[in-house]
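Data first, discussion second: the structure below is written as structure tokens.
The values are calculated or read from the model by the stated rules, or taken from the named source; none is laboratory data. These numbers were taken from a predicted model, which means no experiment stands behind them. Every residue, glycine as well, gets a Cβ built from its backbone with ideal geometry; the counts of neighbours run over all protein chains shown. For the accessible areas, the whole protein counts, side chains as well, though only heavy atoms, and no ligand, DNA or RNA atoms are used. Shrake-Rupley method; radii C 1.70, N 1.55, O 1.52, S 1.80 Å.
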Amino acid sequence: MILLMKAMALACAIQLHASPAGSMKFLLQSPDYVQAAQIPGVKVRLKYAETDNFMHENLYGDFKICFLHKDSAAMLKQALVNLKKAHPHYDFLIYDALRPRSVQRKMWARVKGTPSQKYVADPDKGSMHNYGLALDLTVINKEGKPLDMGAGYDDFREISEPRHEAEFLKSGQLTQAQMANRLILRHAMEGAGFIQLKHEWWHFDAMEQKKAQAIYKIVE
């Protein structure tokens, strides 16, 4: 009976924030999550709260705030120190951070069984974004313009993948200047302990997923 009551309570808690709007209410009340835009030197443009994304629709609805788990936020602050030390006039621009799993399911339904499937995590396994422990971001100059990375955000081509950079440099499809810009972002983030995703230049995880699964909870 006790186990049944606990299961019902858990189900109710999940239902309370099993939509982007519900998730935002939950996150605003939780001390474990912070708003990225409140960190000096961090700008935000939530791509999935507009239509300029690979889904071509606003997936977030009223979810307009960029959240991070407080642990990844602390790492981001160190990454910003690294960035400013090398390039004082540069800032970070975040495209996506904490992503409710309800949104992850919509993305997965679109790409499952297609060549783009590798760019979206299976929601049943969970994405690091669902924990608030992943960041999609770039670097902007003092005019607020993103640096040229040789491929845009959500560009699901191999030229976006760090593991293929050497071959694209050799062919001239990726320039030395574009590669240098990628390294500005990568060095700042990896210097703070973030892990570069091998097939997205813009994606960084705060830790290995197995560790996240053992310690943190997914935001539904």
Going through LYS142/LYS211; LYS77/LYS198; LYS85/LYS125; LYS25/LYS142 one by one, the pairs whose alpha carbons sit over 29 Å apart turn out to be LYS142/LYS211; LYS85/LYS125; LYS25/LYS142
Sequence order, the range 33-40: Karplus ³J(HN,Hα) from phi using 6.51 cos²θ - 1.76 cosθ + 1.60, θ = phi - 60°, Hz rounded, Gly and Pro as x, gives 10, 10, 8, 4, 5, 7, 8, x
Summing +1 per Lys or Arg and -1 per Asp or Glu among the other residues with Cβ less than 11 Å from GLU165's Cβ gives +2
Heavy-atom accessible area of the chain with neighbours in place, 1.4 angstrom probe: carbon+sulfur share in percent works out to 56
Once phi for every residue in the range 204-215 is put through the Karplus expression 6.51 cos²θ - 1.76 cosθ + 1.60 (θ = phi - 60°), the whole-Hz ³J(HN,Hα) values, with Gly and Pro written as x, are 9, 9, 6, 6, 5, 5, 4, 5, 4, 5, 7, 10
Gyration tensor on Cα atoms of the range 15-60, a ≥ b ≥ c root eigenvalues, a/c under 1.5 rounded, else prolate if a/b beats b/c, else oblate, says oblate
Connecting every pair of Cα atoms under 10 Å apart in the chain and solving the GNM, the largest mean-square fluctuation among LEU185, LEU137, LEU147 falls on LEU147
Between the Cα axis of helix 2-16 and the main Cα principal axis of the chain, the angle (0 to 90°, nearest 10) is 50
Relative to the compact-globule estimate 2.2 N^0.38 Å (N residues), the Cα gyration radius of the range 97-220 stands at a ratio of 1.10
Straight-line reach check, LYS112, cutoff 14 Å on alpha carbons, 8 or more apart in-chain or any other chain, hits among aspartates and glutamates -> ASP122, ASP124
With every protein chain kept in place and a 1.4 Å probe, the chain has an accessible area per residue in Å² of 51
Labelled set (1) 1.20; (2) 0.99; (3) 1.04; Cα Rg over 2.2 N^0.38 Å computed from this model equals the value at (3)
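What is the range 94-140 by shape, rounded, prolate or oblate, if you read a ≥ b ≥ c off the alpha carbon gyration tensor as root eigenvalues and call it rounded for a/c under 1.5, prolate for a/b larger than b/c, and oblate otherwise?
In terms of gyration-tensor shape, oblate.
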With x for Gly and Pro, the residue-by-residue ³J(HN,Hα) of the range 92-97, computed from phi through the Karplus equation 6.51 cos²θ - 1.76 cosθ + 1.60 at θ = phi - 60° and given in whole Hz, is 9, 10, 8, 9, 6, 9
